[in-house]
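Working notes, structure below.
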Amino acid sequence: MSHRQSTTDDDKDAYEYLKQLRNSHDMRVVSVRSGSGGIKLYKSCTRVGNEPAIEIPHTEPSFADASRDYADFRTMILCNNVETITRNNHTYVVYNGDNE
């Protein structure tokens, strides 16, 4: 997958979409590195071309506890039409624009 070129309105929509995903039960049970400070949501993340992104401090995220809706982290990503990018020991979840 390749992520999209963004505009201001697209970024606002992407941020709101990612915010809902970040606040879901399933994202709250994703594993993170110990002492990392947890999962963060950015309106503009320089590590992924200044796009909105969810930052997960782990290079291979998985569920640390049972998910309500998905068998595994990868399934959650696919079902939500987002994609992941790994940079500097973190995984970034970005909106791919196919959620219409």
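Reported count of residues in the stretch 37-64, each being acidic (D, E), closer than 15 Å to K19 by Cα and either exposed (fewer than 13 other Cβ atoms within 10 Å of the Cβ) or touching a Phe, Trp or Tyr at 6+ places or on another chain (Cβ under 7 Å) (or both), is 1. Summed over the stretch 65-100, residues that are surrounded by 12 or more Cβ atoms within 10 Å (Cβ to Cβ), small (G, A, S) and without any contact (Cβ under 8 Å) to a residue 60 or more places away in the chain total 1. Scanning the stretch 60-100 for residues that are part of a loop (DSSP other than H, G, I, E, B) and within 24 Å of S44 (Cβ to Cβ) turns up P61, N80, N81, N88, N89, N96, G97, D98, N99, E100. Selection of first residues in the stretch 11-22 that are at pLDDT below 95 and of second residues that are surrounded by 14 or more Cβ atoms within 10 Å (Cβ to Cβ) and in a helix (DSSP H, G or I), restricted to Cβ pairs under 8 Å at least 6 apart or on distinct chains, gives an empty result.
Within the stretch 64-75, the set of residues being within 14 Å of T91 (Cα to Cα) and in contact with a helix residue (DSSP H, G or I) (Cβ under 9 Å, 6 or more places away or on another chain) comprises F73 only. Out of the stretch 21-58, which residues are assigned to a loop (DSSP other than H, G, I, E, B) and within 19 Å of N89 (Cβ to Cβ)? Those that are assigned to a loop (DSSP other than H, G, I, E, B) and within 19 Å of N89 (Cβ to Cβ): S31, V32, R33, S34, G35, S36, G37, G38, I39, G49, P57, H58.
The values are calculated or read from the model by the stated rules, or taken from the named source; none is laboratory data. Here the structure is a predicted model, which is why all the values come from computation and not from measurement. No Cβ is skipped: glycine too gets one built from the backbone with ideal geometry, and neighbour counts run over all protein chains shown.
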